[in-house]
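Read through the structure below, which is laid out as C-alpha cells, and then see the notes.
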Amino acid sequence: MLLIVGGAGYIGSHMVKYLLQKGERVVVLDNFATGHRGALAGGVLEQGDLRDPETLNRVFRAYDIECVFHFAAFIFAGESMRDPAKYYDNNVLGCLRLMEAMRQHGVSQIIFSSTAAVYGEPVEVPIPETHPQNPTNTYGETKRVMEGMLRWYGQAYGVRSMALRYFNAAGADPDGELGEDHRPEEHLIPLTLFAALGRRESISVFGTDYDTPDGSCIRDYVHVWDLCEAHYLALQRLRAGAPSDVYNLGNGQGYSVLEVIRTAEQVVGKPIPTVYAPRRSGDPARLVASSEKAQRELGWRPRYPQLETMIEHAYQWFVKHPNGYE
Ligand SMILES: NC(=O)c1ccc[n+]([C@@H]2O[C@H](COP(=O)([O-])OP(=O)(O)OC[C@H]3O[C@@H](n4cnc5c(N)ncnc54)[C@H](O)[C@@H]3O)[C@@H](O)[C@H]2O)c1
C-alpha cells in the first residue's frame, strides 16, 4: 500500500489517479486544509491531520505501508513571510511527526515534494541540484529543513528518500477530470486564465525591465502529469534498492511571463486584460531547472513539455469547473 499524504491537493490528487491507473493500492491522508473531497479519484481516504501522532499511529497500524508520498504542506511564499509560525508548524512539525511515525512503524521509503524555492537567488542557470541553498522565504526554508530531516533520518535510521524539487507545477489532468483549485490562487497560469474567463479583472506583469529577451521574468513550468510520472519513476528506483537522492523537476526551458500571457491568449482565442506593474522585490529574473539528472538517472522524459499544452489542459478544467471543486 502507498500512503499519499496530501492526496486531496492539486499535485497529490493527480498522483493518486496516476498510481491507481498503474494498478497500485493507495491510501490518502488529508485534513482538507487546502484540499478538496472532489479531487479524490479513488483509493481509501483517511481524514486527519499529519501533525497528530494518534492519527498517524492509526493509519500506520491499519495499512501495510510500503512507501509514503509526502505532498502535505502550506505552499505560499508571501504568506510564509507574514506568518512563518504557520509554515514551521504545518511543514516542519508535520514532517517530523510523519518521519517519527514511519520510524516507529518500520516504514523506510519516502518520496518528498520539495521545491525550487530551496535554492533562493540563482548563481547559476539552469540550476543544478548542487546549486547552493539560500532560500529567500520561510516557505523555501521549511522545505530545506525538511530535506535535511530526510537526510539525517536516512543516515541514522535507514530511511531512504527521494526529494523531488519541482519548479512551477502547471496544467491539469489530460482527461479533464482533475485540476488546480488553490484558494487563494497565486500561480501565474491559473490567474491569467481567470482574467481570460472574467473571474478576475486582469493579470499583472510585475516588471518589464529585467535582463531577459522581453524584459519579463522567466520561470520553468512542468506539467502536473509529468510530475506524477517522475514520482512513479522515483518509486521504482526506491523499490530497486537505490540510496536516497535529490532531483530537480522542471522542463529545462523557461517561459517568460509575457510568453505565458501570449500563449494563453492563443489558447482562449482572445486578448487577456493585462496590467503592467513595477518589479516585486525578491523576484529573480530567471529560474530555470536543470533536470538533466532526473532524465539521466530516473529515465524521465516529460510528455507535455509545451507551454501551450499545459495551458490548454488547465483551461479545459477551468471552463468545466467555474467554481473549482465547489
Ligand atoms: N504547486 C506547485 O507549483 C509546487 C511547486 C513546488 C513544490 N510544491 C510542493 O508540492 C506539494 C503539493 O503542492 P500542491 O500545489 O498540490 O498544494 P495543495 O495545497 O493543493 O495540496 C496540499 C494538500 O495537503 C493537505 N494538507 C496540508 N496540511 C496538512 C496536514 N497538516 N495534514 C493533512 N493534510 C494536509 C491539504 O489539505 C492539501 O490537500 C507541497 O508540498 C508543495 O510545497 C508545489
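Read the figures in this text as sums done on the coordinates, not as results from a lab. These figures come from a predicted structure and were not determined experimentally. In this analysis, Cβ positions are derived from the backbone assuming ideal geometry, glycine residues included, and neighbour counts consider all displayed protein chains.
Where in the range 275-295 does the label zone of Asp209 land, with the point 7 angstrom along Cα→C-beta and an amide N cut-off under 19 Å? Only 275-286 fall inside the zone, counting backbone N under 19 Å. Extension gain for the segment Asp52 to Ala85, taken as residue separation times 0.36 nm less the Cα-Cα distance, is 10.2 nm to one decimal.
Given R₀ = 45 Å, what would the calculated FRET efficiency be for Glu297 paired with Glu201, taking r from the Cβ atoms and rounding to 0.05?
Numbers: r = 45 Å, r/R0 = 1.00.
After rounding, the FRET efficiency stands at 0.50.
Close amide H partners of Ser114, meaning residues 5 or more places away or on another chain with modelled amide H under 5 Å apart, are Leu164, Arg165, Tyr166.
Highest mobility in the GNM of the chain, judged by mean-square fluctuation with C-alpha springs under 10 Å and restricted to Asp181, Asp64, Asp30, is found for Asp64.
Highest mean packing comes first when the peptides 165-172, 192-199 are listed by Cβ atoms within 10 Å, giving 165-172, 192-199. Database remark: amide H of Val26 closer than 5 angstrom to the amide H of Leu2, Val44 (H placed geometrically; neighbours at sequence offset of 5 or more, or on other chains; Pro and chain starts carry no H).
Its alpha carbons give the range 118-164 an Rg and a Dmax of 12.0, 35 Å. Sparsely packed loop sites in the range 85-184 (the GluC sites (Glu not before Pro) outside DSSP H, G, I, E and B with at most 12 other Cβ atoms within 10 Å) comprise Glu124. Between Tyr325 and Thr130, the modelled label-to-label distance comes to 4.1 nm, taking each label 7 Å out from Cα in the direction of the beta carbon.
A helix-only calculation puts the chain at -10500 deg cm²/dmol for mean residue ellipticity at 222 nm, using -39500 (n - 2.57) for each DSSP H run of at least four residues, averaged over all residues.
Report note on the peptides 297-307, 248-258: ranked by the mean count of other C-beta atoms within 10 Å, highest first, their order is 248-258, 297-307.
For the range 87-108, the residues whose backbone nitrogen is under 12 Å from a point 7 Å from the Cα of Trp152, taken along Cα to Cβ, are 96. Under the simplified labelling scheme, the Ala242-Leu96 pair shows an inter-label distance of 3.0 nm, with each label point 7 Å from Cα along Cα→Cβ.
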